[in-house]
Every structure is written in C-alpha cells, then in structure tokens.
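S.K.: The structure's right below; bear with me while I get my questions together.
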Amino acid sequence: MSTGESPETTALVTIRDLHKSFGDNEVLRGIDLDINEGEVVCIIGASGSGKSTLLRCVNLLEVPTSGTIEAAGHDMTHPDADLDAARADIGMVFQQFNLFSHLSILDNVTIAQRRVYKTSKPEAEAEARRRLAEVGIEGKERSKPSQLSGGQQQRVAIARALAVNPKLMLFDEPTSALDPELVGEVLSVMKGLAAEGMTMLVVTHEMGFAREVADRVVFIDGGVIVEEGTPAEVLTNPKTERAQSFLHRVL
Ligand code: ADP
Ligand code: MG
C-alpha cells in the first residue's frame, strides 16, 4: 500500500531489452521502456531510427527478435499470447488512416466490436456514434472515407480504435500525412484523450504537441534510447550531441 512517499503508479507497458532485426539490419538494439497508466510518452527521432518498429512491436505487428513486452496486461512476447484480446486493449492509429475504403464511416467504427466482441448491431452502432461525436464527426455515418477530409478520416480512425475501449493507444505519426491546416483538429482530439487520462505512446514530429501534452519525451537514434525525460529536459535542454543536432534540424 502507498506510504505517501510517492504517487502510486502502475506500469501499463514494460519493455525489456527489446531487439528487432530485419535480416542483417538490427533496427532495435536493446530498448527498455516503461509507461505508467495515464502517461503520455512521445517518441521522437530521425527517419529510419526505429520508431515505427518499436511501436509495431508493442502490439506484435512486428515480432521482436528478442526481449520481452508486457502491454495492457498482456504478455505480448509469450508464445501463447492471445493477440486478438491483446489488440482489443491496444488501439493503434497509423499515418495513413487505414480505414476500409469500401465500408461506410459507421461500419468502419463498428466492425471491430462486431467481429471481436460479437456486440449486437444496435449496441455497436450506439457506441460508434458516441465515439464519432467524441472526435467531432457527426452526420457522416453513411459516407465513405473518400468523401471525408484527411483530418476527418484520421479522427474516424481514432474513433474506430476507441470503440473497443482500449487501455492503451499507439499513434504512429498520426498527422504526418495531413495538410497543415488539418493537423490541429487531430492534435486537439489527442489532447482531449490525454486529458481524460488515456495512456498514450505517440511517435510524432509535432514538437509543440510533445512539449504541451507529453509527460515524457523519448529520443531514439540508431535503435537505442539516447535520451529521455520531461519535455523541458529533452526538448529544451538536451544533454547529448545527437539529440541537440536532431532538434536543431526539426525545430
Ligand atoms: P522510423 O519509423 O523511425 O522512420 P522504422 O522503424 O520505420 O523507422 O524503420 C527503421 C529501419 O527498419 C529502416 O532501416 C527500415 O528500412 C527498416 N524496416 C522497417 N520495417 C521493415 C520491414 N518490414 N522489413 C525490412 N526492413 C524494415
Ligand atoms: Mg515511422
């Protein structure tokens, strides 16, 4: 029980000595990372440094070469892990939205509930409408993704991930494919989620978002964590030359 010495925290993600190679290319070279419940962690780093691979390992879209990952109560690297159950607890949002183009907006948001949880159609649709309203999309239920702007599509993708009540949300450069004027509406939905206490692991080049919303910023270079700390520590006063030179290039 808590002694009052420090706030009680529960790790929702525990990554230990994670390595991932593609052939001879060792992309992740020993990553250790804990994410506590309710924490927002932003991952920054140059293109090709392994950010997407790290995120994709967390829900086993990529199978680690070695190391262990526990996420949202699931032992992801156990050979008998129930990946369907795990992925329902871990929502993911990609750079390229990845909505089903032939399905309506409503069907995009209900499909996981219907398939994974066998939720009844009316119940799934009620939840979908609630989630769509939460991301500011209303009156588009019957539209197809192509009829929406990129910002709207990405907000639908967030609603789709939220519809199964995940405990953890992974975002891989969710605004990188958007026209600049549409970035803000997606970031503002993400800020809202963070404010409600969602645990989030976010790969982003949006340093303003990282500064404002992240509890912790992790800088990755060459497949290792080179620096981590509060936004002020990492973004304002980076200690390593590698982080300094990266930040000079992006800020
Ligand atoms: P980042 O997201 O930081 O830009 P990635 O994790 O996408 O970096 O990629 C890191 C490295 O891993 C790159 O060299 C990339 O070419 C390689 N890589 C990523 N995915 C694959 C894959 N499926 N097969 C082979 N190489 C890959
Ligand atoms: Mg990437």
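The values are calculated or read from the model by the stated rules, or taken from the named source; none is laboratory data. As the structure is a computational prediction, the values presented were derived from the model and not from experiment. Here the Cβ positions follow ideal geometry from the backbone for every residue, glycine too, while neighbour counts run over all protein chains shown.
S.K.: Hey, could you check region 36-67 for residues that are in contact with a helix residue (DSSP H, G or I) (Cβ under 9 Å, 6 or more places away or on another chain) and part of a strand (DSSP E or B) and say which is farthest from ligand 1 (Cβ to nearest atom)?
M.R.: Only one residue tops the list, namely Val40.
S.K.: How many residues, within region 229-243, are of a type outside the set (Lys, Arg), surrounded by 14 or more Cβ atoms within 10 Å (Cβ to Cβ) and assigned to a helix (DSSP H, G or I)?
M.R.: 5
S.K.: Being closer than 30 Å to Thr68 by Cα and either within 16 Å of ligand 2 (Cβ to nearest atom) or not small (Gly, Ala, Ser) (or both) is the filter here; which residues of region 100-137 pass it?
M.R.: Gln113, Arg115, Val116, Tyr117
S.K.: Looking at region 50-61, can you tell me whether even one residue there is without any contact (Cβ under 8 Å) to a residue 60 or more places away in the chain, more than 30 Å from Pro238 (Cα to Cα) and within 14 Å of ligand 2 (Cβ to nearest atom)?
M.R.: Yes, that holds for at least one residue.
S.K.: Kindly list, by first and then second residue, each pair from a residue in region 163-177 that is in contact (Cβ under 8 Å) with a residue 12 or more places away in the chain to a residue that is more than 16 Å from ligand 1 (Cβ to nearest atom) and of a type in the set (Phe, Trp, Tyr), limited to pairs with Cβ atoms under 8 Å and residues at least 6 apart or on different chains.
M.R.: Val164/Tyr117; Ala177/Phe97
S.K.: Which of the residues that make up region 72-87 are modelled with pLDDT under 90 and buried (at least 19 other Cβ atoms within 10 Å of the Cβ)?
M.R.: Matches in region 72-87: Arg87 only.
S.K.: Output the qualifying pairs, or none if there are none: Cβ atoms under 6 angstrom, residues six or more apart or on different chains, first residue in region 101-120 and of a type in the set (Lys, Arg), second residue assigned to a helix (DSSP H, G or I) and modelled with pLDDT of 95 or more.
M.R.: Listed pairs, sorted by first residue: Arg114/Ala124.
S.K.: Then there's this: Hey, could you check region 22-33 for residues that are within 16 Å of ligand 2 (Cβ to nearest atom) and either loosely packed, with under 15 Cβ neighbours inside 10 Å or outside any strand (DSSP E or B) (or both) and say which is nearest to the chain's Cα centre (by Cα)?
M.R.: Step one: list which residues in region 22-33 are within 16 Å of ligand 2 (Cβ to nearest atom), which gives 22, 25, 27-28, 31.
Pick out the ones that are also either loosely packed, with under 15 Cβ neighbours inside 10 Å or outside any strand (DSSP E or B) (or both) and you get 22, 25.
On the way: Phe22: 22, Asn25: 24 Å.
Step by step, filter region 22-33, then rank; the result is Phe22.
S.K.: I've got another one for you. Quickly run through region 47-61 and pick out the residues that are among the polar types (S, T, N, Q) and surrounded by 19 or more Cβ atoms within 10 Å (Cβ to Cβ).
M.R.: Correct list: Ser49, Ser52, Thr53, Asn59.
S.K.: Only one of these is assigned to a loop (DSSP other than H, G, I, E, B) and either more than 16 Å from ligand 1 (Cβ to nearest atom) or within 28 Å of Phe246 (Cβ to Cβ) (or both): His19, His78. Name it. Break it down stepwise before answering.
M.R.: Working: His19 fails: assigned to a loop (DSSP other than H, G, I, E, B).
One residue alone meets the criteria, His78.
S.K.: Looking only at region 157-212, which residues are more than 16 Å from ligand 1 (Cβ to nearest atom) and of a type in the set (S, T, N, Q)?
M.R.: The answer is Asn165, Ser188, Thr199.
S.K.: Suppose the filter is closer than 27 Å to Asn59 by Cα and not in a helix (DSSP H, G or I); does Val226 pass it?
M.R.: It is true that Val226 is closer than 27 Å to Asn59 by Cα and not in a helix (DSSP H, G or I).
S.K.: Something else: Within region 201-212, is there a residue that is farther than 22 Å from Arg56 by Cα, free of Cβ contacts under 8 Å to residues at least 60 places away in the same chain and part of a loop (DSSP other than H, G, I, E, B)?
M.R.: No: zero hits.
S.K.: Moving on to the next point. Could you tell me whether region 105-127 includes any residue that is out of contact with any helix residue (DSSP H, G or I) (no Cβ under 8 Å at 6 or more places or on another chain), buried (at least 16 other Cβ atoms within 10 Å of the Cβ) and under 25 Å from Glu26 (Cα atoms)?
M.R.: no
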